[in-house]
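So the structure is just underneath, and the comments pick up after that.
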Amino acid sequence: MSNDIIHKSHLIADAANMPDYEQARTSFSWEEEQSLLDGLPNGKLSIAHEAIDRHVQEGMGDRLAIRWIAKDGMRLDFTYLNLQRQTARFANVLRRLGVQKGARVYTLLGRKPELYITALGTLKAGCVFCPMFSAFGPEPVQSRMEIGGAQVLVTSKALYRRKVKSIRDRLPDLTHILLIDGEEDNTENLISLMDTAADTFTTEPTDPEDIALLHFTSGTTGKPKGAVHVHQAVVAHHATGRMVLDLRAGDTYWCTADPGWVTGTSYGIIAPLTIGATMIIDEAEFDPERWYSILEDEQVNVWYTAPTAIRMLMKAGDAMAKAHSFPHLRFMASVGEPLNPEAVIWGNEQFGMPFHDNWWQTETGGIMIANYASMDVKPGSMGKPLPGINAGIVETGEDGLREVTTPLAIGELALRPGWPSMMRGYLHEEARYQKAFRDGWYLSGDLAMRDSDGYYWFVGRSDDVIKSAGHLIGPFEVESALMEHDAVAEVAVIGIPDETVGEIVKAYVALKPGVVGDDDLLLDLRGFARKRLGPAVAPKEIVFRKNLPKTRSGKIMRRLLKARELGLPEGDISTLESDEQ
Ligand code: ATP
Ligand code: MG
């Protein structure tokens, strides 16, 4: 745990505009947040209305909603009015195909404009939107569509051929496959359907508790769960976008999350649009030079990204960052994995402001714990619970659950349910859902601690925490210490069973480009870790790898490294992305 603090005063010129954290906490109410939305008559609520129609009705139809950047650099702009018309066409297409309210509409697409039109058009029609990672193979595509009872799939010709054609017969509920770029056997051409559809549609007056979204978890710890979210969630997306990301109407905002997971929807579609911002969408895969150019050329004000991407930017070297300037950038945030203190400080050096780490899960639907713009940042800490969110550190024993209030005591991170974006269930897994609640708490499955200033520190997922010679060791702490070494780009740490001490700490290290992983470096790294962490916590074993096994959402799959180490089955690896020895 680092003792550094980056004080708010020299971060953000107008941080004063942000509500004071303590003040916001005492005056906050979800009812008031709800009243900031437009709503529909008779207590109805629709995410699509709040994201699009509302702005058009209020005279903001000409504002840019989306700037899409194609792989080749071509720009395509959608105003809020364009988006209203396109999503109306999509909703009309659904109706023409006989698709009714409540039906599940899936996407298997990269960052294409059609993905965003499908998402919002689906919600407009009162149907349920479920995105899938475009990199999924046929198996994970099939299982997710089976679980959710997919009725419609929007995809491309190439993805259809590679991933859907072979499994189609096994999905009797899937009545329509719409291709964004042509036609194949047994599919329909979305473009021609859209061309002949009317561009007005009365948004379905959904109930706040009607299902809107189905999101599968990242599968980091095992088989992904299908978390069910309702229209009411928009209250939290709107509130947290404003309070945590400091998003304001008219801002240019870039969320780099893959659209296949929850961040891509909550903060890659809903929060920015309900606030009236302009979203940048880049079709291409990560590339450091391209990313710096987008931040600069598009004059991005608010940037929401992830630790893996930040670590890759760090790996690309400071000179690349220094060749650009970012006078418009006002706020940077990170989510998805613990953010090493090293990365927070690096951000502060390169951009003049730190990355603001925040914590949440597919289940919580929106940000729960965060470093605020108006708060001192402690690098390596997730920050404090949001206004409207009650968090605690708890211990579960046989006699029930106990809240632990001693500063820095490690326990499970738990939340008091009751915020609008909380999941309403795991689809078809009632028992698994019930197991997540106890004595009035929702149990996150992550271990954390709280310091005497009320900041929360991530320790590890409960499954990943290492018990060695009576110590409880969080992999994140060990990883962060190794990250401070100049040669290191990324680290994953696991525990390996050991007869004498219970478990020993093993680290897998990916090096920066051009660095040779020889015995000298190994020795140096060992010494480096022992000096920083002490002999009890420092890794006993260190091995070099080309990269680390990660999920599509960029999370290190420590359980996979462990299973291999122990010769156990690899389990569900449907979301596995990079994985080179
Ligand atoms: P599964 O539940 O299927 O194993 P997952 O938990 O990785 O997958 P997500 O809901 O996408 O699926 O990820 C949420 C998890 O990501 C959190 O529970 C936490 O472990 C991790 N996480 C997210 N943000 C942070 C953060 N800022 N700091 C530390 N960990 C984070
Ligand atoms: Mg999880």
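The values are calculated or read from the model by the stated rules, or taken from the named source; none is laboratory data. This structure is a prediction, so every number in the text was calculated from the model and none was measured. Cβ atoms come from the backbone with ideal geometry, glycine included; neighbour counts cover every protein chain shown.
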Checklist entry - Which one of SER374, SER421 is more than 16 Å from ligand 1 (Cβ to nearest atom) and over 25 Å from ASP464 (Cβ atoms)? => result SER374
Next on the checklist: Which residue is nearest to ASP297 (Cα to Cα), if the candidates are limited to region 50-63 and must be out of contact with any helix residue (DSSP H, G or I) (no Cβ under 8 Å at 6 or more places or on another chain) and not in a helix (DSSP H, G or I)?
Outcome noted: GLY59
Next on the checklist: Here is a list: ILE389, ILE369. Which entry is within 16 Å of ligand 2 (Cβ to nearest atom), buried (at least 22 other Cβ atoms within 10 Å of the Cβ) and hydrophobic (A, V, I, L, M, F, W, C)?
Outcome noted: ILE369
Next on the checklist: Can you go through THR196, THR187, THR175, THR206 and tell me which one is more than 22 Å from GLY149 (Cβ to Cβ) and of a type in the set (S, T, N, Q)?
Outcome noted: THR196
Next on the checklist: Can you pull out every residue in region 71-101 that is assigned to a helix (DSSP H, G or I) and of a type outside the set (S, T, N, Q)?
Outcome noted: TYR80, LEU81, LEU83, ARG85, ALA88, ARG89, PHE90, ALA91, VAL93, LEU94, ARG95, ARG96
Item to check | Residue that is farthest from LYS71 (Cα to Cα) [pool: residues in region 127-143 that are touching a residue at least 60 places away in the same chain (Cβ under 8 Å) and surrounded by fewer than 24 Cβ atoms within 10 Å (Cβ to Cβ)] | outcome: SER143
Checklist outcome for this item: Filtering region 310-349 for residues that are surrounded by 24 or more Cβ atoms within 10 Å (Cβ to Cβ) and without any contact (Cβ under 8 Å) to a residue 12 or more places away in the chain leaves a count of 0
Checklist entry - Looking only at region 196-249, which residues are away from ligand 1 (no atom under 16 Å from the Cβ), within 18 Å of the chain's Cα centre (by Cα) and part of a loop (DSSP other than H, G, I, E, B)? => result ASP246, LEU247
Item to check | Exclusive hit being surrounded by 24 or more Cβ atoms within 10 Å (Cβ to Cβ), in the same structural domain as VAL235 (by TED's automatic domain parsing) and polar (S, T, N, Q), set SER381, SER374 | outcome: SER381
Next on the checklist: Of everything in region 178-195, what is assigned to a strand (DSSP E or B) and not hydrophobic (A, V, I, L, M, F, W, C)? Give them in sequence order.
Outcome noted: GLU188, ASN189
Checklist entry - Looking at region 523-538, which of its residues are modelled with pLDDT of 95 or more and in contact with a strand residue (DSSP E or B) (Cβ under 6 Å, 6 or more places away or on another chain)? => result LEU525
Checklist entry - How many residues, within region 465-489, are over 11 Å from VAL537 (Cα atoms), modelled with pLDDT under 95 and in contact with a Phe, Trp or Tyr (Cβ under 9 Å, 6 or more places away or on another chain)? => result 2
Item to check | Filter result for VAL505 (in contact with a Gly (Cβ under 8 Å, 6 or more places away or on another chain) and outside the structural domain of ASP318 (by TED's automatic domain parsing)) | outcome: yes
Item to check | Evaluation of GLY554 against (1) buried (at least 19 other Cβ atoms within 10 Å of the Cβ); (2) assigned to a loop (DSSP other than H, G, I, E, B); (3) at negative phi (one fails), failing number | outcome: (3)
Next on the checklist: I need the full set of residues from region 34-49 which are in contact (Cβ under 8 Å) with a residue 40 or more places away in the chain and assigned to a loop (DSSP other than H, G, I, E, B), in order please.
Outcome noted: LEU36, LEU37, LEU45, SER46
Checklist entry - From the list LYS512, LYS555, LYS531, LYS506, which residue is of a type in the set (Lys, Arg) and closer than 22 Å to GLU139 by Cα? => result LYS555
Checklist outcome for this item: Checked LEU159, LEU97, LEU108, LEU83 against criteria (crowded, with 20+ Cβ neighbours inside 10 Å, among the aliphatic types (A, V, I, L, M) and under 30 Å from LEU40 (Cβ atoms)); the one match is LEU83
Next on the checklist: I'm told GLU337 meets every condition in (1) more than 8 Å from ligand 1 (Cβ to nearest atom); (2) of a type in the set (Asp, Glu); (3) in contact with a Lys or Arg (Cβ under 7 Å, 6 or more places away or on another chain) except one. Can you identify the failing condition by its number?
Outcome noted: (1)
Next on the checklist: Just to verify a result, which residue in region 457-495, among those that are charged (D, E, K, R) and in contact (Cβ under 8 Å) with a residue 40 or more places away in the chain, is farthest from ligand 1 (Cβ to nearest atom)?
Outcome noted: GLU484
Next on the checklist: Residue under question is ASP520, and the condition is that it be farther than 14 Å from LEU482 by Cα, out of contact with any Asp or Glu (no Cβ under 9 Å at 6 or more places or on another chain) and not in a strand (DSSP E or B); does it hold?
Outcome noted: yes
Checklist entry - Quick one: what pairs do we get from region 253-270, first residue in the same structural domain as HIS215 (by TED's automatic domain parsing) and more than 11 Å from ligand 1 (Cβ to nearest atom), second among the β-branched types (Val, Ile, Thr) and part of a loop (DSSP other than H, G, I, E, B), C-beta under 6 Å, 6+ apart or different chains? => result TRP254/VAL300
